[in-house]
Each structure stands twice: as structure tokens, then as C-alpha cells.
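S.K.: I'd like to ask some things about the structure below.
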Amino acid sequence: EWKLLTKNIILKIILISILLMMNLSPSIAIAEGSALEIIEIKYEDPVKNHAYQQVVKKWGEAEWEAFDILVKRESGWKSNAQNPTSSAYGLMQFLNSTWSGVGCEKTTDPDKQIDCGIAYVEKRYETPSKALSFHYRMNWY
């Protein structure tokens, strides 16, 4: 099993080296089983890049801007943002009661916050655009 892991790491290094030699934007090769998936690094911030990848995978590129604006308005992309007058916490500013509603536990892990936020947006609004539209009207989502 460790030989397969080592082989995948070597393949990642080779692939990234080739991409850099070709002056292409840096990419990450992620091993899933025996296949390699190339994921472009769009943002230097790894949390924002994770969010971008997950949003595009779920809803397509067109929904990214709405999701980005929603997170900016809620937390300024600060994973430790804490509302001083409520239990709202994290990137998505979930209340304590919101976490469990999407099968999550309150966490400091920003990637998990993003994953929970995507689940929440999908469950409650279907898309980031609809969530942002609601946010503009109500100043919460």
C-alpha cells in the first residue's frame, strides 16, 4: 500500500514539474484510486481555493461569484470570525443551531466550514445566487 502512495506522490511531483516547465499556472494533482485529477490553483489562499473547487464542482463556475460575495459579507473570509452578539461563528457565520441542521459539528477547520456552508446553501436555498439574493433582502441568510 505504501508503494502505491509513493508512486502517486512521485507522479504528482512529475506532473507539477511539467506544468511549471510549460509556464502553466501551478496545479495540484490529487490521487483518487489509480487516477490523477488535475486541479488548478485559482487562489493563493488554500481555503478560498478549496471553496472555489467545491462550489464549481457542485454548481458550476457561474455560482462562484455569489458564494464568494456571501462569505465576504458574512466573515470577510475569516474562519475564526465571531459575532459578538450571537453564537454566529466562522466563515459562514453559522449559529450553534445551524451546524447540526446540515449534519456538521461546530469546527475551527476552515475546509470543513466551507463544506458545511455548501451543504447549508444547497439545503436551504439550492444555489449561492439564491442565498445571496435572500441575504441582500434580509441582511442574513
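Throughout, read-outs are computed from the coordinates displayed, never taken from laboratory work. Values in this document were obtained by computation on a predicted structure and should not be read as measured data. Every residue, glycine among them, receives a Cβ derived from its backbone with ideal geometry; neighbour counts consider all protein chains shown.
S.K.: Given the criterion in contact with a strand residue (DSSP E or B) (Cβ under 9 Å, 6 or more places away or on another chain), among the charged types (D, E, K, R) and touching a residue at least 12 places away in the same chain (Cβ under 8 Å), identify the matching residue among Lys78, Lys123, Lys106.
M.R.: Going through Lys78, Lys123, Lys106 in turn, just one is in contact with a strand residue (DSSP E or B) (Cβ under 9 Å, 6 or more places away or on another chain), among the charged types (D, E, K, R) and touching a residue at least 12 places away in the same chain (Cβ under 8 Å): Lys106.
S.K.: If Ser87 passes every condition in (1) over 12 Å from the mean Cα position of the chain (by Cα); (2) small (Gly, Ala, Ser); (3) in a helix (DSSP H, G or I) but one, which one does it miss?
M.R.: (3)
S.K.: So, one more: Checking Arg124 against (1) closer than 13 Å to Val47 by Cβ; (2) assigned to a helix (DSSP H, G or I), which test does it fail?
M.R.: Unmet condition: (1).
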